[in-house]
1. Among the DSSP beta bridges whose two residues both lie in the chain, what percent are antiparallel, rounded to the nearest 5?
2. Let me know the charge dipole size of the chain about its Cα centre in debye, to the nearest 20, where only the beta-carbon of Lys, Arg (+1) and Asp, Glu (-1) is charged.
3. Going by how many other Cβ atoms sit within 10 Å of their own, how do 173, 126 line up, fewest first?
4. If I model a spin label at residue 108 and residue 203 as a point 7 Å from the Cα along the Cα→Cβ vector, what separation in nanometres do I get?
5. For the chain, what is the calculated [θ] at 222 nm in deg cm²/dmol (nearest 500), taking -39500 (n - 2.57) for each run of four or more DSSP H residues and dividing by its residue count?
Amino acid sequence: MTLSPYLAPGFYDKALAAGKHRDIVGGRWEETAEAQMACLLAEGLRPQHQLLDIGCGSLRLGHMAVPFLDPGHYWGTDASGALMRRGYEVELADKARLPADQLVEDADFAFPGLPETIDFAIAWGVFTHLPPGALPPALASVRARFPALKALLLTLFLAPEGPPGPFRQRDGVVTHPNRPPWHRHRAEVQAEAQAAGFTLAWRDLILPRGQCLAVLSPA
Ligand SMILES: C[S@@+](CC[C@H](N)C(=O)[O-])C[C@H]1O[C@@H](n2cnc3c(N)ncnc32)[C@H](O)[C@@H]1O
């Protein structure tokens, strides 16, 4: 069974060779970047904050967040360095606003070399593609690494409690308890956030593909 589509052998190489750096993060490029920016602004993001985009892919959010933030205030991590570099080359108009070494390859949520001064973080469409067991250690890592953090925005697919099975989200996407795209139960995620030292609030928003937004703040 595939635990994550991103783990398929040659996945990034094939997609990048075919010029599909937008498609492999889910497409719907401007719409999704605007939705991400709207969520961050609603949670209080301002240009002087330092934003970490966890699983940033080809800079779908980055292409809007980098011009908004003060120069050097955006950091991105992703399992694929090549995907981030393609986004940097193709999607970022003013490269002077983002030193290339602020895009850090990291598949373990260890955040190597990132500054402790990061105060906003977002993981959009990342844990929707990873098995549930990936979330608790990643949350613990974020909590431990970034003492100045004000908010972590996290998108997930949710499904009602009940017999496990596929669930059709508002946007038509069918999610699963045992394969990607994965869905979770509200209470489980709430408990995992609490165990990692966060308070979690769900936002009542309609996001692309029917994802739900959780905002985690240090407890
Ligand atoms: C659906 S895309 C979303 C990308 C970006 N957040 C956005 O909204 O445009 C999921 C991203 O998660 C990344 N990813 C998958 N597994 C990861 C891991 N273990 N650690 C970090 N990033 C990962 C993928 O490379 C991909 O860029």
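Where a number appears in this text, it was derived from the coordinates with a stated rule and is not lab data. Fair warning: this is a prediction, and the values are worked out from it, not measured in the lab. Backbone-built Cβ (ideal geometry, glycine too); neighbour counts: all protein chains shown.
1. Approximately 45 percent, going by the DSSP bridge assignments.
2. Dipole about the Cα centre, nearest 20: 400 debye.
3. If I rank by nearby Cβ atoms, fewest first, I get 173, 126.
4. Each label point lies 7 Å from its Cα, and together they span 3.2 nm.
5. -8000 deg cm²/dmol
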